[in-house]
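The values are calculated or read from the model by the stated rules, or taken from the named source; none is laboratory data. Quick caveat, the model's predicted, so the values are computed rather than measured. Cβ atoms come from the backbone with ideal geometry, glycine included; neighbour counts cover every protein chain shown.
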Amino acid sequence: MATRTASFDPPAAGEGMISAPHIWSSCRRSIEVFSGTDRFGRLESDADRARALETLTGALDGTLALDEQLAARTERYRTGRPAPADAEVQVLVDLEASSFATVVEVHAPDDLGLLARVAAVFADLELDVALAIVSTVGDRVVDVFYLRDVDGQKATNPDALDRLHAAVLDRSRGETQ
């Protein structure tokens, strides 16, 4: 999911993501459905849509250097803006909200590449996103992720959950490692 979310970053493809349900099955196959709005009018022509498709295809097949592209755009668009302050970012890890997944909520200022950075944490920790509900309200994001471990089970190990919380908090503040 981290790769696909990075390719949907608004400056990358011109589309703002609204939701990204990811349905996982026990046979290790998944269906992902991304929907969004073209808030900036960057997908109006056939050529624009072809360019967005090329970006997504390159992200999926590994020929597009997403990390480099996202870093360059972050540098270009974030110039002069401070990173989110500690008090502005809230990460909640909830084991009670779902019987099948660990739920992680991220409340933070909207920031270029935020969703990609958070999704990369899940990939780094080998957590599967069973469902992602991402939204922007004004200048803030409220993103909710339902996570499972590599065996398709709800993640419950206290030490792993502490690492997850710390990493998501760091990445939500703009820290990349």
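Do you know which residues across the range 99-152 are assigned to a loop (DSSP other than H, G, I, E, B) and not hydrophobic (A, V, I, L, M, F, W, C)?
SER99, ASP110, ASP111, GLY113, GLU126, GLY138, ASP139, ASP149, ASP151, GLY152
Quick check on my filter: what residues within the range 145-169 are among the aliphatic types (A, V, I, L, M) and modelled with pLDDT of 90 or more? I'd like the intermediate steps shown before the answer.
So the first thing to find is which residues in the range 145-169 are among the aliphatic types (A, V, I, L, M), and the list is 147, 150, 155, 160-161, 164, 166-169.
Scanning the range 145-169 gives LEU147, ALA155, ALA160, LEU161, LEU164, ALA166, ALA167, VAL168, LEU169.
Determine, yes or no, whether ASP124 is surrounded by 14 or more Cβ atoms within 10 Å (Cβ to Cβ), under 21 Å from LEU66 (Cβ atoms), out of contact with any strand residue (DSSP E or B) (no Cβ under 6 Å at 6 or more places or on another chain) and modelled with pLDDT under 95.
Values: surrounded by 14 or more Cβ atoms within 10 Å (Cβ to Cβ): yes; under 21 Å from LEU66 (Cβ atoms): yes; out of contact with any strand residue (DSSP E or B) (no Cβ under 6 Å at 6 or more places or on another chain): yes; modelled with pLDDT under 95: yes.
The answer is yes for ASP124.
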Could we say that VAL142 is within 30 Å of ASP38 (Cβ to Cβ), crowded, with 16+ Cβ neighbours inside 10 Å and at pLDDT 80 or above here?
no
Somewhere in the range 64-73, is a residue under 18 Å from LEU112 (Cα atoms) and exposed (fewer than 12 other Cβ atoms within 10 Å of the Cβ)?
yes
Condition check for THR63: in a loop (DSSP other than H, G, I, E, B), among the β-branched types (Val, Ile, Thr) and at pLDDT 80 or above:
yes
Tally of residues being of a type in the set (S, T, N, Q) and in contact with a strand residue (DSSP E or B) (Cβ under 7 Å, 6 or more places away or on another chain) across the range 157-177:
1
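Per-residue answers, yes or no, for (1) within 20 Å of LEU70 (Cβ to Cβ); (2) under 13 Å from the mean Cα position of the chain (by Cα):
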| site | (1), (2) |
| --- | --- |
| GLU105 | no, yes |
| LEU115 | yes, yes |
| VAL129 | yes, yes |
| ALA132 | yes, yes |
| ARG140 | no, no |
| VAL144 | no, yes |
| ARG148 | no, no |
| ASP151 | no, no |
| LEU164 | no, no |
